[in-house]
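Asker: Structure in C-alpha cells, see below.
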Amino acid sequence: MTQLEEALKGNITKEMEKVARYENMCPEILRRKIKEGFAIIPSNVKQKNVKICGIGEDLKIKVNANIGTSPIKHDLKTELKKLKVAIKAGADTVMDLSTGWDIDYIREEIVNHSTVPVGTVPIYQAAIEVEGSENLSIDSYLKVLEKHAKGGIDFATIHAGVTKKALPLLEKRLLGVVSRGGAFMVNWMRKHNKESFLYEHFDEILNILKEYDVAISLGDGLRPGCINDATDKAQIYELIVLGKLAQRCKEKGVQVMIEGPGHIPLEQIEKNVILEKKYCNNAPFYVLGPLPTDIATGYDHVACAIGGALAAWKGADFLCYVTPKEHIGLPNIKDVREGVIVSRIAAHIADIARGKKEAKEIDNKMSKARSNLDWNEMARYAIDPEEFIKLRKEECKINPKNLEHCSMCGEFCAIKTYKKK
C-alpha cells in the first residue's frame with residue numbers, strides 16, 4: 001500500500017515515524033496530514049537506505065536540486081559529482097532531468113548513488129525515444145513512466161494540466177511556454193488537434209504510480225516565464241485543472257504535490273500561494289523559484305532565494321533551487337552547490353518566520369558564538385561551514401598576531417568594547 005493508503009487506514013508506517021522524529025512532530029499528527037493530502041513522503045516501495053523526508057503543512061521547508069545531462073553536455077562522472085555536492089550542501093531531494101547520452105543508465109546510476117529521494121520528468125525521455133514530442137503517444141509515455149517507477153524513483157513530474165482549452169489563453173503572452181514538458185504537450189496538441197493524452201489517460205498514469213508508491217508532482221506546464229505573464233488566465237486555468245487532478249490522485253491513493261511558478265513579481269507571490277492552497281485543497285506546494293525579476297541573469301539564484309523565502313513564509317512547502325546558470329546553460333558542480341546553499345538559506349529564513357523552534361535555536365547558538373568571539377562554534381552553526389572556514393583562514397593570514405579580531409574592526413571590535421568594564 002502507498003503511504004496515503006496506510007494513512008487512510010489509520011496506520012503509522014516506519015517512514016512516517018522517521019519523518020515525525022526529524023520534524024519533532026507526533027506521528028499521529030503527521031499521519032492525519034498525509035491522510036488529508038496536506039503532506040507527503042516521497043518513498044518508492046523499492047527504495048532502501050535513503051534519507052526520506054516529509055513535504056507539506058507544518059513541516060520544515062525542503063529544498064530540491066536539479067541535475068542531469070543535456071544533448072550538449074553529458075558526462076556521467078560530472079553528474080554523480082553534482083549529486084554528491086548537492087546532497088553534501090543539504091539538498092533534501094534531487095531530480096534527474098537528463099536528456100543526453102544513455103538516459104536509462106544515467107538515471108540508474110543516480111538512483112543507486114543517491115542517499116536522498118530522486119525525482120524525474122518522464123516525458124523528457126519519452127519524447128527523445130520517439131524522436132520528437134509530436135510523435136508521443138500514451139503507450140510510449142507509459143512505457144517510460146513504468147521504467148522510471150520500477151527503477152526506484154520517488155516522485156515524478158506529470159504535466160497533465162496542460163489541456164486544449166488552455167491554448168487560446170496563451171496567445172497574449174509575452175514569452176509563451178517556458179516549461180519543456182509543457183511545450184512538448186502544447187506542440188503535441190497543436191499537431192494532432194486532440195486533447196492531451198496525459199489528461200485523458202490520467203487514471204492509467206496513476207495505476208503505475210500507485211503500484212510503486214511514486215508521488216506525483218503535478219507539473220506547472222504553463223508557468224509564467226516572465227513577470228509580464230505572471231498570474232495570467234492560462235496559469236490560473238492550469239492551476240484549477242491541477243486541483244481537480246489532485247483530488248483524483250487522493251481518491252486513487254497516490255500522494256500528490258503541486259508545482260508552481262515561475263516568474264512572479266514580489267507583490268503577487270503571496271496571492272499565488274493562497275490560490276494554490278485554495279484550488280488544490282492545501283496540497284503541498286512545490287515552487288520553482290519563484291523569480292521576482294527577469295533581469296538577474298547570472299544571479300538568478302539570489303533572486304530565487306528572495307522569492308523562495310517569501311513564498312515559503314506564506315505557505316509554500318518545497319523549494320526547487322535555481323543556480324547562477326539559470327537562463328544561460330547547464331549548471332556545473334560549483335553552480336549546483338551555490339544553488340543548494342542559497343535555497344537552504346531561503347528555507348531557513350522561512351522556517352524562522354513560520355515559528356519553527358529549531359530554526360530559531362540555531363540562530364541563537366550562532367549569536368552566542370559571536371558574542372564569545374568563538375570562531376570554531378560559528379563555523380559549526382554556519383549554513384555553509386566550508387565557506388566560513390575558507391574565509392576565516394584568509395582573515396587569519398591578514399592579522400596572524402591577533403586571531404581573535406577580524407579585519408573589519410580590529411581592536412575596535414564592538415563586541416569587545418561593549419563587554420569592557
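The values are calculated or read from the model by the stated rules, or taken from the named source; none is laboratory data. Every value quoted in this text rests on a predicted model; they were computed, and no experiment measured them. Every residue, glycine among them, receives a Cβ derived from its backbone with ideal geometry; neighbour counts consider all protein chains shown.
Asker: Have a look at Val241, Val287 and point out the one that is of a type outside the set (Gly, Ala, Ser) and buried (at least 22 other Cβ atoms within 10 Å of the Cβ).
Answerer: Val287
Asker: Residue by residue through the stretch 13-36, note down the ones that are crowded, with 23+ Cβ neighbours inside 10 Å and either within 20 Å of the chain's Cα centre (by Cα) or not aliphatic (A, V, I, L, M) (or both).
Answerer: Once the filter is applied, which keeps residues that are crowded, with 23+ Cβ neighbours inside 10 Å and either within 20 Å of the chain's Cα centre (by Cα) or not aliphatic (A, V, I, L, M) (or both), the stretch 13-36 yields Val19, Arg31, Ile34.
Asker: Collect the residues in the stretch 319-337 that are within 16 Å of Val63 (Cα to Cα) and touching a Phe, Trp or Tyr at 6+ places or on another chain (Cβ under 9 Å), keeping them in residue-number order.
Answerer: Filtering the stretch 319-337 for residues within 16 Å of Val63 (Cα to Cα) gives 319-323, 335-337.
Of everything in the stretch 319-337, those that are within 16 Å of Val63 (Cα to Cα) and touching a Phe, Trp or Tyr at 6+ places or on another chain (Cβ under 9 Å) turn out to be Leu319, Cys320, Val336.
Asker: If you check every pair at least six apart or on different chains, which have Cβ atoms under 8 Å apart with a residue in the stretch 407-421 that is more than 17 Å from Leu391 (Cβ to Cβ) first and a residue that is basic (Lys, Arg) second?
Answerer: That search, which allows pairs on different chains as well, returns Ile415/Arg370.
Asker: Ok, one more. Among the residues of the stretch 37-69, what is the count of those that are charged (D, E, K, R) and buried (at least 17 other Cβ atoms within 10 Å of the Cβ)?
Answerer: Residues that pass the stated criteria total 3.
Asker: Keeping to the stretch 277-300, report how many residues are in a loop (DSSP other than H, G, I, E, B) and not hydroxyl-bearing (Ser, Thr, Tyr).
Answerer: Number satisfying all stated conditions: 12.
Asker: If I filter the stretch 88-98 for residues that are at pLDDT 95 or above, of a type in the set (Ser, Thr, Tyr) and not in a helix (DSSP H, G or I), do I get at least one hit?
Answerer: Checked the stretch 88-98: at least one residue is at pLDDT 95 or above, of a type in the set (Ser, Thr, Tyr) and not in a helix (DSSP H, G or I).
Asker: Next question. Scan (1) over 30 Å from Ala39 (Cα atoms); (2) in contact with a helix residue (DSSP H, G or I) (Cβ under 8 Å, 6 or more places away or on another chain) for the single condition Phe412 breaks and write down its number.
Answerer: Every listed condition holds for Phe412 apart from (2).
Asker: Determine whether the stretch 367-374 contains at least one residue that is within 30 Å of Ala156 (Cα to Cα), in contact (Cβ under 8 Å) with a residue 24 or more places away in the chain and of a type outside the set (A, V, I, L, M, F, W, C).
Answerer: Looking for residues that are within 30 Å of Ala156 (Cα to Cα), in contact (Cβ under 8 Å) with a residue 24 or more places away in the chain and of a type outside the set (A, V, I, L, M, F, W, C), one finds none in the stretch 367-374, hence no.
Asker: Kindly state which helices (runs of 4 or more DSSP H) lie completely within the stretch 327-421 and contain at least 2 residues that are buried (at least 16 other Cβ atoms within 10 Å of the Cβ) and among the aromatic types (Phe, Trp, Tyr).
Answerer: Values: elements: 333-353, 357-371, 375-381, 385-398, 414-419.
By residue number, 375-381.
Listed here are the residues, each with its yes/no results for (1) aliphatic (A, V, I, L, M); (2) within 19 Å of Gly225 (Cβ to Cβ).
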position	(1), (2)
Lys277	no, no
Val287	yes, yes
Pro290	no, yes
Thr293	no, yes
Cys304	no, yes
Val322	yes, yes
Glu338	no, no
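Asker: Right, another one. Just name the residue that is farthest from Ile52 (Cα to Cα) out of those in the stretch 1-41 that are touching a residue at least 40 places away in the same chain (Cβ under 8 Å) and among the charged types (D, E, K, R).
Answerer: Step by step, filter the stretch 1-41, then rank; the result is Glu36.
Asker: Here's another thing I want to ask about it. Regarding Gly176, is this residue in a loop (DSSP other than H, G, I, E, B) and touching a strand residue (DSSP E or B) at 6+ places or on another chain (Cβ under 9 Å)?
Answerer: Judged against the criteria, Gly176 is not a match.
Asker: Given the criteria farther than 28 Å from Ile205 by Cβ and either outside the structural domain of Gly221 (by TED's automatic domain parsing) or in contact with an Asp or Glu (Cβ under 6 Å, 6 or more places away or on another chain) (or both), does Glu326 qualify? Show your work before the answer.
Answerer: On the way: farther than 28 Å from Ile205 by Cβ: yes; either outside the structural domain of Gly221 (by TED's automatic domain parsing) or in contact with an Asp or Glu (Cβ under 6 Å, 6 or more places away or on another chain) (or both): yes.
Yes: the conditions hold for Glu326.
Residues are listed down the side, and each one gets a yes or a no for (1) more than 17 Å from Gly308 (Cβ to Cβ); (2) more than 19 Å from the chain's Cα centre (by Cα):
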site: Val214; (1), (2): yes, no
site: Asp229; (1), (2): yes, yes
site: Ile236; (1), (2): yes, yes
site: Leu239; (1), (2): yes, no
site: Leu242; (1), (2): yes, no
site: Ile269; (1), (2): no, no
site: Asn272; (1), (2): no, no
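Asker: Test Val85 against the stated conditions and say whether it is surrounded by fewer than 24 Cβ atoms within 10 Å (Cβ to Cβ), part of a helix (DSSP H, G or I) and touching a strand residue (DSSP E or B) at 6+ places or on another chain (Cβ under 6 Å).
Answerer: So Val85 does not fit the description; no.
Asker: Turning to a different aspect of this structure: For the condition buried (at least 23 other Cβ atoms within 10 Å of the Cβ) and on the phi > 0 side of the Ramachandran plot, what is the one hit in Asp229, Asp213? Break it down stepwise before answering.
Answerer: Working: Asp229 fails: on the phi > 0 side of the Ramachandran plot.
Of the residues listed, the single one that is buried (at least 23 other Cβ atoms within 10 Å of the Cβ) and on the phi > 0 side of the Ramachandran plot is Asp213.
Asker: May I pose another question? For residues that are out of contact with any Leu (no Cβ under 8 Å at 6 or more places or on another chain) and assigned to a helix (DSSP H, G or I), scanning just the stretch 113-134, find the one that is surrounded by the most Cβ atoms within 10 Å (Cβ to Cβ). Before you say what the answer is, go through the steps one by one.
Answerer: Taking the stretch 113-134 first, the residues out of contact with any Leu (no Cβ under 8 Å at 6 or more places or on another chain) are 115-119, 125, 128-129, 131-134.
Cutting the leftovers down to assigned to a helix (DSSP H, G or I) gives us 125, 128-129, 133-134.
Working: Gln125: 23, Ile128: 16, Glu129: 15, Ser133: 20, Glu134: 14.
Looking at the filtered set, the residue picked out is Gln125.
Asker: May I ask you to verify whether Ile236 is assigned to a strand (DSSP E or B), of a type outside the set (Ser, Thr, Tyr) and assigned by TED's automatic domain parsing to the domain that holds Ile258? Break it down into steps so the answer makes sense when it comes.
Answerer: Details: assigned to a strand (DSSP E or B): no; of a type outside the set (Ser, Thr, Tyr): yes; assigned by TED's automatic domain parsing to the domain that holds Ile258: yes.
Judged against the criteria, Ile236 is not a match.
Asker: Does any residue of the stretch 308-322 turn out to be within 19 Å of the chain's Cα centre (by Cα), part of a helix (DSSP H, G or I) and among the charged types (D, E, K, R)?
Answerer: no
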